[in-house]
Structure formats: C-alpha cells, structure tokens
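The values are calculated or read from the model by the stated rules, or taken from the named source; none is laboratory data. Since the structure is predicted, the reported quantities are computational estimates derived from the model, not experimental observations. All Cβ positions, even for glycine, are placed from backbone atoms using ideal geometry, and neighbour counts span all protein chains on display. Accessible surface is based on the protein model in full, side chains and every heavy atom, while ligands, DNA and RNA are left aside. Shrake-Rupley method; radii C 1.70, N 1.55, O 1.52, S 1.80 Å.
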Amino acid sequence: MKLYTRGQLVRSVIIVGLSLGLVFAIVLIKLTKGQSQKLAESQESTGLETALEAAEDEAIAGDTSFLEENAATVIPVANSSSYSQEELQNINVYSICNEAVVNINTQIVAYDWFLEPYVQDGGSGSGSIIDKRGYILTNVHVIQNASKIYVSLFDGTQYEAEIVGQDLDSDLAVIKFTPPDGMELKTIGFGDSTSLKVGQRVIAIGNPFGLERTMTTGIVSGLGRPIQNSNNRIIRNMVQTDAAINPGNSGGPLLDTNGKMIGINTMIKSSSGSSSGVGFAVPAETAVRVVADLIKYGKVQRGKIDASFVQNSQRIARYAGLDLATGVLVSQVTSGGKAESAGLKGGTEAVYYGSRRDIIYIGGDVITQIDNISVTTLADYYSALESKRPGDVVIVVVRRNKQNVTLKVTLVEN
C-alpha cells in the first residue's frame, strides 16, 4: 500500500476539482450555444412569415415593389394598376363583346362524277349576335350556297341556324338560331360610323383560321372606300383598317373603344390571302338599314329603275355606233312605268349577245351618271342605288345621240 503525504493529497484534490470545473464549463457553453441557435432560428422564421404576410398585404393594395426581394415565393394579385389605359380599354371591350361573337361553319351539297349529291364542309367565318332572340349578323359570302349553317357560342355549344335574309349589294346577311329556354345571350350594339376619323383606334374580334374569338387592334386607315366584293357589287363608304383581318374574320365586328360595332369585317386586300394590313369593313350606317329590312321583309326594300340593262363594251359600242364604250346600256324600259314616264329610252334593234346568245336591244340610252355618281359599269349602277328607297327621285344623266341628257327618274320597288 502506497502512502501519500499531506501536500500530495492537497495537490490531487486541486487537480481533480479543476478538471471537473473545466468539464462543467464546456458543457454549459455548448448548452448555451444550442439555445441561442434555436432562439435565432425561431426569430428568423417568425421574421420571414411576417415579411410574407406584409408582402401579401402590399399585393392586395397594388404595391409590387416587394417582388424584388421575394419574387420566388410571392405572387401578386393582378389589378388595374398593372395595365396602361389603352390595355384596360382593350381588355374591357373584349370582356364586354367576346361572348357575343360566334363562329359560323357551313355544309354544302356537292355532286360526284355520277351526279350523286353528297354533303361536304363549306366555308367558315364569324358573326355578331345583335338580338337576344338569336339574330346574328354576318356576310353573305360566309353562308352562300350553304345547305346547313351551324353557329358555335363562346361556351362551345353549337346550334343550327337558318337564313333570315341576305343582301348581295352590301354582302350582309342575317341568320337566326333558337336559344334554349333560360339562356341569356350577350349582344353587340351598333355604333356611329358616320363620325369615324382616320387614326381612330378600332378593335376586331373574329375567328381567323378557326381560332375562336381572336382579338386584333389597329386604327381606321381610310374612309369612304368604294370596294368591289366577291359578288361583283361595289360597296361604297367602306371602312379601311390595318387591324389584322384574316380568312375566318369575315362577318365579325369591327368595334370602337366603347365596344360598339362600327363596321362588319368583310374583306382583305392581299396577294397571298392573308392579312397584309389592308382590311375593309361594311360601315354600321349601311348595316343598320340593311338589317332592319332583312329582319322585317327578308330582303332590302331598295329602289330601282324599272328597265333592263346591259354592260356597255367596245364590241357593243362599235356595232351600235356609240361614241363611248363604258356606262350601262338601256336595253328595255318597262311599258307604262316610271322610267318611261321620265323619258328614259330603251333599244329598238334586237341582237344576240354573249356566249349564251341572249337577246338584247341596242339603240337606246346609255346611263353614265346617277346623282353625281359616275356609272361606268353595272357594279357602279347598283352601288349608286344601294341606299335608295322606292319612291325616291334620282337625277340620271344618259348619253343619247352623242349628247348628254338629264332626266329625273322615280324609283320603283326592287
């Protein structure tokens, strides 16, 4: 057994005490550090939650400056402060009008090599619901020769429609479908096309290439354009626009920034068949008059001169000894009619004309002007009378015996 002196025992006790104190100090430091980390993490988490809550409040209030710091975690609520005034107008017009624009598809009857009839897809286009009873305004060329007409609404539902009336002179047609009970249709109202200005912003909605309710924007590029349509009629006062109009837009509305229809998109001028920035719309002024007659009568009550006409030509002029090769030749005048009473003279010599060898009469008057509108073709003649009613009196200038003669002719029902 080993014996220790008093001094050695004291030193041993001191060493043991210091060692225990050091161990206790290390443990205490670690515990304190862990608590500090937990407290810091808790405070950091609380701070982030508070920041996110504040960011959400700012988004609702329309302030998006917080996105610079929290772009990855917070999505702002969209509101009007996110858009320019022009964008807001576009959005508003589309929200008001798009549900009133329909997609029109047709079927036509064709014949095979054995002259057996079969049904195939026809054309497609657009239309505007103008009455809650299901009346739709479109173009004649959209529904021409159709055996079946189908309209598709904004919700994807499809209905068969029938023709109410169509007018070749304006290329406008009205069709109708019967909405189911309880369906409240959205409609588009007419605007004032007579007050349009070049440079005014306009909006087109339609179904180009079958892409339903597509919206394009542009300006009024020109006014009062006389344009010949696919039915060889000249439509006067067409609205020219650079808003993109493509196949399928025909019959759709051209709108002002208030969502009023100031035109019906009808045709484009293009070498490729796609939009080249030159589109034309029938003015609302014409559409209002035409639509009223189509719904009431099934046709337009338009005045005409009670006579038959032939397009003048070089061949006719040479044969008949005329001093001009343009204008409209008066072939026959209705006996006892208004035109005869006004002094209009028809031809006296019957001749065969054209590939079908139709009989026409030469030697009569040649119409060159109606109400200060130059008439060089049959299309000009129809255009000059497009807005006239039965009973209206028109000033007609004719070429007779190489002299101009002015007549006042009362129009009759077409």
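Remark: the Lys296-Glu184 segment gains 38.0 nm on full extension, using 0.36 nm per residue and subtracting the alpha carbon distance.
Shown for the range 104-261 is the translational diffusion coefficient from the Stokes-Einstein equation, using the Kirkwood radius over Cα pairs, a temperature of 25 °C and a viscosity of 0.890 mPa s: 147 µm²/s. Whenever you get a sec, compute what percent of the accessible area on the range 129-266 sits on carbon and sulfur atoms (1.4 Å probe). Here carbon and sulfur together make up 45 percent of the probe-accessible area. Computed from the C-beta positions of Val119 and Ser230 and an R0 of 22 Å, the FRET efficiency is 0.45 to the nearest 0.05. Modelled spin-label separation between Asp155 and Gln85, with each label point placed 7 Å from Cα along the Cα-to-Cβ direction: 3.7 nm. Each label was represented as a point 7 Å from its Cα along the Cα-to-Cβ direction; for Ala350 and Leu211 these points are 6.0 nm apart.
The string of couplings for the range 338-349 from the Karplus curve (6.51, -1.76, 1.60, θ = phi - 60°) is 5, 5, 5, 5, 6, x, 6, 10, x, x, 10, 10 Hz, one whole number per residue in order, with x for Gly and Pro. Rolling a 1.4 angstrom probe over the protein heavy atoms with all chains in place gives the range 338-414 an accessible area of 55 Å² per residue.
Label-to-label distance for Val412 and Ile395 is 2.5 nm, based on points extended 7 Å past Cα in the beta-carbon direction. Can you work out the PRE-style zone for Ser374? Point 7 Å along Cα to Cβ, and I want the residues of the range 393-411 with backbone N under 16 Å. Hits in the range 393-411 for Ser374 at 16 Å: 397-399. Report note on the peptides 374-380, 160-166: ranked by the mean count of other C-beta atoms within 10 Å, highest first, their order is 374-380, 160-166. Within the shell of other residues whose beta carbon sits under 15 angstrom from the beta carbon of Gln120, the net charge comes to -2, with Lys and Arg scored +1 and Asp and Glu -1. For the range 96-113, the Karplus equation 6.51 cos²θ - 1.76 cosθ + 1.60, evaluated at θ = phi - 60°, returns couplings of 6, 9, 5, 6, 9, 9, 10, 9, 10, 10, 10, 10, 10, 8, 10, 10, 7, 4 Hz by residue, with Gly and Pro reported as x.
The stretch between Tyr111 and Thr257, if pulled fully straight at 0.36 nm per residue, gains 47.9 nm over its current Cα-Cα span.
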